[in-house]
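Remarks on the structure that follows.
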Amino acid sequence: MLCDVCQKSEASVYYTRIVEGKVQTVNLCESCAKDKGVDESASFTTADLLLGLGATRQIERSQPSQHCPVCGFTQADFKKTGRLGCSACYDTFADGLANLLRGMHKGLKHTGKMPAHLSRRFAMADRVKSLETELKQAVQDEKYEEAARLRDEIQKLEHELQA
């Protein structure tokens, strides 16, 4: 697409504004953009738009020269693209990403979605594992009445899981 001003160079700056509900778009080459005072430093990166304006500065503050040992991605690359290079980037940039992800999602651990009945079964299975650990400790501490109570609770939960 050619520059709307000089009609010679390829447009690389796309300026859009909305005035009184009407969209006005101007396509400019770099030199015309500088001549017209369109400053790219005032623009937002993809990452800023996805994560919140200025949010990527948190990643930059963590360790400015930090890069992923697997793919070589840097904080600057993340800021430009709004994406990380590979799965190792999540560990490499964990400090800065934690605050960003916490603001975007409910938590830092992806739990996925599942039907309610399965969710209940997983919760019961986790409870059984927890009770088994408590049972072993009660037997080790020779608290046999507590161990019997825990054993009965485990058996009840296991029976419900099999149903």
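Residues that are in a loop (DSSP other than H, G, I, E, B), of a type outside the set (A, V, I, L, M, F, W, C) and modelled with pLDDT of 80 or more within the range 77-116 comprise Gly85, Ser87, Pro115, listed in sequence order.
Looking only at the range 18-37, filter to residues that are closer than 19 Å to Leu2 by Cα and among the charged types (D, E, K, R); which one of those is modelled with the highest pLDDT?
As a first pass, look at the range 18-37 and keep what is closer than 19 Å to Leu2 by Cα: 24-37.
From the residues that got through so far, the ones that are among the charged types (D, E, K, R) too are 30, 34-36.
On the way: Glu30: 84, Lys34: 79, Asp35: 79, Lys36: 72.
Per the criteria, the residue is Glu30.
Could you tell me how many of the residues in the range 10-41 are touching a strand residue (DSSP E or B) at 6+ places or on another chain (Cβ under 7 Å) and assigned to a loop (DSSP other than H, G, I, E, B)? Result for the range 10-41: 3.
Within the range 140-155, how many residues are more than 13 Å from Lys129 (Cα to Cα) and not aromatic (Phe, Trp, Tyr)? Selection size over the range 140-155: 10.
Listed by first and then second residue, the pairs with beta-carbon distance under 8 Å, at least 6 apart or on different chains, first residue in the range 127-138 and of a type in the set (Ser, Thr, Tyr), second surrounded by 18 or more Cβ atoms within 10 Å (Cβ to Cβ), form an empty list.
Which one of these is at pLDDT 70 or above and either closer than 21 Å to Leu100 by Cα or assigned by TED's automatic domain parsing to the domain that holds Leu100 (or both): Gly54, Gly72? Break it down into steps so the answer makes sense when it comes.
Working: Gly54 fails: at pLDDT 70 or above.
One residue alone meets the criteria, Gly72.
The values are calculated or read from the model by the stated rules, or taken from the named source; none is laboratory data. Just so you know, these numbers come straight off a predicted model, no measurement behind them. We place every Cβ from the backbone using ideal geometry, glycine too, and count neighbours over all the protein chains shown.
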